[in-house]
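Data first, discussion second: the structure below is written as structure tokens.
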């Protein structure tokens, strides 16, 4: 080893500023989407936390050529009606990494670690030498604070510049604006429009106005005025941890006894579990359990950890997950376009890989896309109500969709592929502990248990869908039958009349009789259509 | 019971009107009319050894008027009207001509547009359906197939044909020179007589070989009738052979290839009719006909060239497969009176070889009359099944 090499530690900010690709800034187009996403996530989390129905205003502008090759200078502005941020907290929120109120708390919030928005500030700073411009006002403040927040990369600290108090005609809220190098992609699977529509789908209580580059301003109204109550956090389940995490977890609790720590810091560990640990004879005894936590050594932790791993523990409670609900999803799905039918399934919360999770699925057929019979269905993926837009093939959601045999529900589907047709399949995974494949939260790790749970939800939605399709084909059949009767009935009777030289009154009676006979057939079909329609109503009733 | 064809034919208009009146009557009562037709399939075929051909069983195909069949029935009534007009005026047509006549009628009326035939298959189906419900031949409906095969040579045979206008034409086959007589697909209009006693009738699978035999003097040396079948016998060939059997009461011999296709599709059809034509086998089969050869034992006896069935010969492979099935399900081959034919099928299945009728020309290449000699030898010695 070279002696001259001085080993240095770098700040978190330094690390991320050099590895922004890990947190969603791997391309110019992704930079725009990630910046927007982080700002919107923060705004929605803040509103929900304070029981405010969110109103967002989003503007994305092209300001000219950027400094990087083939880039454009982009401005992303997101304004919310959230509680506002105290002036002193602004540098922390926008300029410091891992300064989060949500880190490791086991709640179903969008943001988890406090990396994203600071990364957006860093990106702006690196490409345009300009931090985030923020205006914020809390209810208590008379005037708003306006400032530029920059990341002090060396020390992982936020710096506030050009601070001033200004008049702002809002009761409370935050406006954040990033100017940086990027490239705007509006349409397509990874486009901004898709992100905004997806966000509106899983946030029925959200209203937003947006203007994307040279497009006309648009607005999406909320379809629900119920603010989702984010359930209280739960402690992690021992079976979801590795030894290192287990030990690190102890540092949060200071000088308490081991048994108290186990009971307080983990879900499903109580007195009876402690008794069982002793009884199991794997080295846990009362002395160890009554030890002070800061006195416990590595061997103690190993003993405790392996004993817990070898025990059968109850699964964690599912009360910590948050659902959008079938009702809200049903209303929300109509915001995606002209939907001619849809089916929605909200599974009960369950446990996958010892983590509580809830799966919700919405499948809709879009009228304006009926001609696209050969195109694959559009997949919208959500993790804790945040759209996922990249690297879909490895995602648990896509794997679950392709594993379902959609042909049995009346959809076309090439082998082991997405089904075809003008459908949107939206799948939402909500869990306080979602396992992503990467830090930029683009792909949900495909564990067997999770894929199976998603698959079940999809199959339920598929069954509802097939009832719609059946009702449709019945209706088409009726139409065909009616057409047949009208066309061939008179031809048949007139032919018979000519051959037999029958009289007019015979002809009339025969015509009436024929219509009666064929009408009975049509009535039968009509009844079938009615039964199908009734089942449909029952299904929709279940949804309501 | 033997039905009189001309009586049936004459009664077609009356039967049709009766049927239509019943349909109309049912409709007036809002009762669903049902049309019954004999099921023409192997599972409804019975081999009646007393008559010697395949007869229909009791199975009927019922067509009930409902939304799905209203188009089929409307088309049938439409076609029936065209046919009745033909019968009335004495006009005749082929199926293809009826297809165009139908299209022409429909073109002239917007009301009939939904009936329009997309292709001839659709009008053919309609004609067949009319035949089935009236239980008659399409010839009874003045719809004739193109007369194919049946080229006939004889120095003794005289055919008298009754023409549509009632006049009679007398054809002496000996006066036709090298031209064959072609039987029309209307056996009921023909009657046969002879100028001298005829000993037998030889039906040859290949009309080329039949022609060769005659050109080499077969009919000069023997008091016989030689008929070229031209492959699978058409209705006219089948009806003609039946007529020869009925009116001349001479032995009939079939001379063709030794293979599964010839045995099942040509010989069996000639002798006992087919499952598809159950209702007409009575008039279109000649149960007295014998299979002269080529017989399996002829190969050894005359040292004939034979060869294995080629695996890529789809027709032969299919025929072999069918032969296996026929031995199990075909009432003709199952009947003990046709054991000889069944034995040949078994031999073919076992050996997977075939031998063509023309192989007789290899016996003595220098003698063009060798095949004739063998044929006569076989007839005299009773070497047939």
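The values are calculated or read from the model by the stated rules, or taken from the named source; none is laboratory data. Remember, it's a predicted structure, so these values are computed and weren't measured experimentally. Positions of Cβ are generated from backbone atoms using ideal geometry, with glycine treated the same way; all protein chains shown enter the neighbour counts.
The set of residues in the stretch A:464-492 being touching a strand residue (DSSP E or B) at 6+ places or on another chain (Cβ under 7 Å) and modelled with pLDDT under 80 consists of A:468 alone. For the stretch B:46-56, the count of residues that are outside the structural domain of residue B:187 (by TED's automatic domain parsing), more than 30 Å from residue B:165 (Cβ to Cβ), in contact with a helix residue (DSSP H, G or I) (Cβ under 7 Å, 6 or more places away or on another chain) and loosely packed, with under 15 Cβ neighbours inside 10 Å is at least one.
Determine if the stretch B:90-105 includes at least one residue that is in contact (Cβ under 8 Å) with a residue 60 or more places away in the chain and facing another protein chain (nearest Cβ under 9 Å). There is no residue in the stretch B:90-105 that is in contact (Cβ under 8 Å) with a residue 60 or more places away in the chain and facing another protein chain (nearest Cβ under 9 Å). Among the residues of the stretch A:403-430, those identified as buried (at least 21 other Cβ atoms within 10 Å of the Cβ) and part of a helix (DSSP H, G or I) are A:406, A:409. Restricting the stretch B:7-47 to residues that are at the interface with chain A (Cβ under 7 Å from one of its Cβ atoms) and in a loop (DSSP other than H, G, I, E, B) leaves a set whose member that is nearest to residue B:140 (Cα to Cα) is B:32.
Among the residues making up the stretch A:505-524, those that are without any contact (Cβ under 8 Å) to a residue 24 or more places away in the chain, surrounded by 16 or more Cβ atoms within 10 Å (Cβ to Cβ) and facing another protein chain (nearest Cβ under 7 Å) are A:506, A:509, A:510, A:513, A:517. Working only within the stretch A:199-220, note down all residues that are within 18 Å of residue A:81 (Cβ to Cβ) and in contact (Cβ under 8 Å) with a residue 60 or more places away in the chain. Within the stretch A:199-220, A:199, A:200, A:203, A:204, A:205, A:206, A:207, A:208, A:209, A:210, A:211, A:220 meet the criteria. A single member of A:245, A:235 is over 30 Å from residue A:123 (Cα atoms) and assigned to a helix (DSSP H, G or I), and it is A:245.
Is it the case, given these coordinates, that residue A:495 is assigned to a helix (DSSP H, G or I), more than 8 Å from every other protein chain (Cβ to nearest Cβ) and modelled with pLDDT of 85 or more? The answer is no for residue A:495. Checking each residue in the stretch B:94-103 for being surrounded by fewer than 16 Cβ atoms within 10 Å (Cβ to Cβ) and either in contact with a helix residue (DSSP H, G or I) (Cβ under 7 Å, 6 or more places away or on another chain) or under 20 Å from residue B:184 (Cα atoms) (or both) picks out B:94, B:96, B:97. Residue check: is residue A:254 in a loop (DSSP other than H, G, I, E, B), in contact with a helix residue (DSSP H, G or I) (Cβ under 8 Å, 6 or more places away or on another chain) and surrounded by fewer than 18 Cβ atoms within 10 Å (Cβ to Cβ)? Yes; evaluated as a whole, the condition is true for this residue. Could we say that residue A:36 is out of contact with any helix residue (DSSP H, G or I) (no Cβ under 6 Å at 6 or more places or on another chain), outside any loop (DSSP other than H, G, I, E, B) and at pLDDT below 90 here? So residue A:36 fails the test. If the requirement is being at pLDDT 90 or above and either surrounded by fewer than 20 Cβ atoms within 10 Å (Cβ to Cβ) or touching a helix residue (DSSP H, G or I) at 6+ places or on another chain (Cβ under 7 Å) (or both), which of these qualifies: B:91, B:62, B:37, B:21? Result of the check over B:91, B:62, B:37, B:21: B:21.
In the stretch B:258-334, counting only helices (runs of 4 or more DSSP H) that sit wholly within it, the ones holding 1 or more residues that are surrounded by 22 or more Cβ atoms within 10 Å (Cβ to Cβ) and either in contact with a strand residue (DSSP E or B) (Cβ under 7 Å, 6 or more places away or on another chain) or at pLDDT below 90 (or both) span B:268-272, B:314-329, B:331-334. The set of residues in the stretch A:431-441 being in contact with a strand residue (DSSP E or B) (Cβ under 9 Å, 6 or more places away or on another chain) and surrounded by fewer than 23 Cβ atoms within 10 Å (Cβ to Cβ) consists of A:433, A:434, A:435, A:436, A:437. Restricting A:461, A:502, A:446 to residues that are at pLDDT 75 or above, assigned to a loop (DSSP other than H, G, I, E, B) and more than 9 Å from chain B (Cβ to nearest Cβ) narrows the list to A:446. Counting only residues that are in contact with a strand residue (DSSP E or B) (Cβ under 6 Å, 6 or more places away or on another chain) and either closer than 13 Å to residue A:389 by Cβ or not in a strand (DSSP E or B) (or both), the stretch A:202-226 holds 5 of them.
Report yes if some residue within the stretch B:50-63 is more than 18 Å from residue B:16 (Cα to Cα), assigned to a loop (DSSP other than H, G, I, E, B) and within 14 Å of another protein chain (Cβ to nearest Cβ); otherwise report no. No, that holds for no residue. Residues to consider are B:232, B:194, B:237; find the one that is on the phi < 0 side of the Ramachandran plot and buried (at least 20 other Cβ atoms within 10 Å of the Cβ). Sole residue among the options that is on the phi < 0 side of the Ramachandran plot and buried (at least 20 other Cβ atoms within 10 Å of the Cβ): B:237.
The conditions of being surrounded by 22 or more Cβ atoms within 10 Å (Cβ to Cβ), part of a helix (DSSP H, G or I) and either at pLDDT 95 or above or not assigned by TED's automatic domain parsing to the domain that holds residue B:135 (or both) are not met by residue B:243. Would you say residue B:83 is in contact with a helix residue (DSSP H, G or I) (Cβ under 9 Å, 6 or more places away or on another chain), outside any strand (DSSP E or B), more than 14 Å from every other protein chain (Cβ to nearest Cβ) and closer than 18 Å to residue A:491 by Cα? No; evaluated as a whole, the condition is false for this residue. With respect to the conditions (1) modelled with pLDDT under 80; (2) under 17 Å from the mean Cα position of the chain (by Cα), residue A:386 lacks only one, and its number is (1). Of everything in the stretch A:303-317 that is under 14 Å from residue A:268 (Cα atoms) and crowded, with 17+ Cβ neighbours inside 10 Å, the residue that is farthest from the chain's Cα centre (by Cα) is A:308. Looking at residue A:440 and the list (1) within 14 Å of another protein chain (Cβ to nearest Cβ); (2) at pLDDT below 85, which single condition is not satisfied? Exception for residue A:440: condition (1).
The sole residue among B:232, B:214, B:250 that is assigned by TED's automatic domain parsing to the domain that holds residue B:285 and outside any loop (DSSP other than H, G, I, E, B) is B:214.
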